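Data block below; observations after.
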């Protein structure tokens, strides 16, 4: 039973690719008299990545139909590509779980930063207040920057 559970999705994927390739651009279906229009452009845009993969191994399958109606086919093709593949806008989106985790790390980072800065300030106040005040301000800024960077690096590893 377990063999079939692993084999079935692969067979389904292969049969889907073969079915989609039958509807790919570049066949004898279209000519100068009957060019591909908007709807075929939409379809060819939607299956463009599959057509590209098949085109790498089979020169008779094209990604884009040459015999097309012009602007409307191009518009449909572009809409098909953007509709299916999303114009890569989904790449920068974070899930709600990632947003919550980032917020938690930001809160932890802020709390640690405040505690460290208080301890550094207390330590600096114990020293004599002379020319060292300016020196301590510089050291405090450097420590603050380094701590923020290290905490972010540590959080990104999680």
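The values are calculated or read from the model by the stated rules, or taken from the named source; none is laboratory data. The shown structure was predicted, so the numbers you read here are calculated from the model rather than taken from an experiment. Quick reminder, even Gly has a Cβ in these numbers, built from the backbone with ideal geometry, and neighbours come from all protein chains shown.
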Checked pairs for region 27-51, first in the same structural domain as residue 63 (by TED's automatic domain parsing) and modelled with pLDDT under 75, second part of a loop (DSSP other than H, G, I, E, B) and crowded, with 19+ Cβ neighbours inside 10 Å, C-beta under 9 Å and 6 or more apart or across chains, list as 27/61; 27/65; 29/65; 30/65
Among (1) at pLDDT 70 or above; (2) exposed (fewer than 13 other Cβ atoms within 10 Å of the Cβ), which single condition is residue 64 missing? (2)
Residues of region 138-156 being under 16 Å from residue 119 (Cα atoms) and touching a residue at least 40 places away in the same chain (Cβ under 8 Å), in sequence order, are none
